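The structure appears below as structure tokens.
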Amino acid sequence: MKSLINSLQKQKCNSVAALAILAATSFASCSNPSGNSTQTDSTVVTTETKTDSMATGSVDNVKPTGAKPSWAPDIQPQMQAVLEKLQSYGDKPIPQLTAVEARKNHTPTDAVMALMQENKIAMPLMKVDTMGKEIPVKGGSVHARIYTPQGGSGPFPVIVYYHGGGYVIANLDVYDASAKALGDQVGAVVVSVAYRLAPEHKFPIAHNDSFDAYQWVVKNAASIKGDPKMIAVAGESAGGNLAANMAIMARDKGVQAPVHVLSVYPIASADMNSQSYTKYADAKPLDKPMMMWFTKQYTNSMSEAKDPRLNLVAANLKGLPAFTIINAELDPLASDGEMLEKKLKDAGVTVERKVYNGVTHEFFGMGALVPEAKDAMSYAAGQLKSAFKK
């Protein structure tokens, strides 16, 4: 099995068979040069991960080989090991690349999978099935991957999930572990949305695609074993921004509001001279130059970064559902989460925010390897279950 996965990784998911097998291992990464983060899912893929009898390793044995980076003297060992593995691939920094080239870079997901294989760490058991669905949006359609709990006929609560990548890179496969774990731990249907990417699709297309997909779920939840009255939104990084915007857009357009917003290290401010941007300007896997590059790729002009859909701290936040914000300490976006928490509280919105020390941007989906990520996922799942009254 291990040799087969290695072979498939080298092919970078060039076949449906490769995708199906890598999806079953909870972590997958496919380059996507087209600007549309769509993947082809077979009609139904059973993704209950089998425990490998040879996988006897422990995350406690995953240790870095070098010195701690100067910007992160308190970084956790597993987190540092992931960054070292990612650096070992020798990819060019994203700000030096075109979007098409950047989508071919290795991802933190690749590094996590490699470390798990090297250390014989078993994949977590995820009792969900997946299927693909094309969702109509203005100007075309977007792909969604729907994760459904195994056992039971529903209706299940629903989480509409938006992946990260600065609105420019990544796809459903890179963030498969997060969406799958939420479905498994919450006992919810998760609809992971492949909104169209920039610069091929400029602002506000990702936001509009995301809202069209949210409205589709509201109208069609019953068709995917979902409870139409129990729908939450969630996302990471750019997806954390999108999730927050779904609540704002639903309020402003008179559409059913989500019952909860889970926003993980969201892009929430146009201020790139904040305390965390300054302190972690050189952090990995996300640094300040990358954020500037993402903004340039997605916006029609840099001044658009101040639009309240991107600069959430300037938006009208009154009357929104409860929020959960999760931040990583070693992240340029940590201050974005802090500022968003304050603005939500000032607007009278119920909000809880938790910061995980010693970890970086992108840690959330690494629960199989990084203990802090496992805890963060458990916390997020608990928050959503409470919102769903489960």
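The values are calculated or read from the model by the stated rules, or taken from the named source; none is laboratory data. This one's a predicted model, so the numbers in the text were calculated from it and none came from an experiment. Virtual Cβ from ideal backbone geometry, glycine too; neighbours counted across all protein chains shown. Side chains are part of the model used for accessible areas, which takes the heavy atoms of the whole protein and leaves out ligands, DNA and RNA. Shrake-Rupley method; radii C 1.70, N 1.55, O 1.52, S 1.80 Å.
Some notes on this structure:
- Here the peptides 73-81, 178-186, 218-226 are ranked by packing, the mean other Cβ count within 10 Å, and the order with the highest first is 178-186, 73-81, 218-226.
- Interatomic Cα distance distribution for the chain, bins of 10 angstrom, percent: 5, 26, 37, 25, 7, 0
- GNM flexibility winner over the chain from 348, 35, 254 (Cα, springs under 10 Å): 254
- For the Cα trace of the range 184-283, dividing Rg by the Kirkwood Rh returns an Rg/Rh value of 1.03.
- DSSP-defined antiparallel bridges as percent of all bridges, the chain, nearest 5: 40 percent
- The range 111-181: translational diffusion in µm²/s, Stokes-Einstein, Kirkwood Rh over Cα pairs, 25 °C, 0.890 mPa s: 168 µm²/s
- Taking only protein heavy atoms and a 1.4 Å probe, the accessible area of the chain is 52% carbon and sulfur.
- Computed from backbone phi, the HN-Hα couplings of the range 192-208 come to 8, 9, 9, 4, 6, 9, 8, x, 5, 10, 7, 3, x, 4, 4, 5, 5 Hz, rounded to whole numbers (Karplus: 6.51 cos²θ - 1.76 cosθ + 1.60, θ = phi - 60°; Gly and Pro given as x).
- Accessible area per residue for the chain, computed on protein heavy atoms with a 1.4 Å probe, is 39 Å².
- Computed [θ] at 222 nm, deg cm²/dmol, the chain (DSSP H ≥ 4; -39,500 (n - 2.57); rounded to nearest 500): -10500 deg cm²/dmol
- Under 5 Å between amide hydrogens, built in the peptide plane, is the criterion, and for residue 200 it picks out nothing among residues at least 5 positions away or on other chains.
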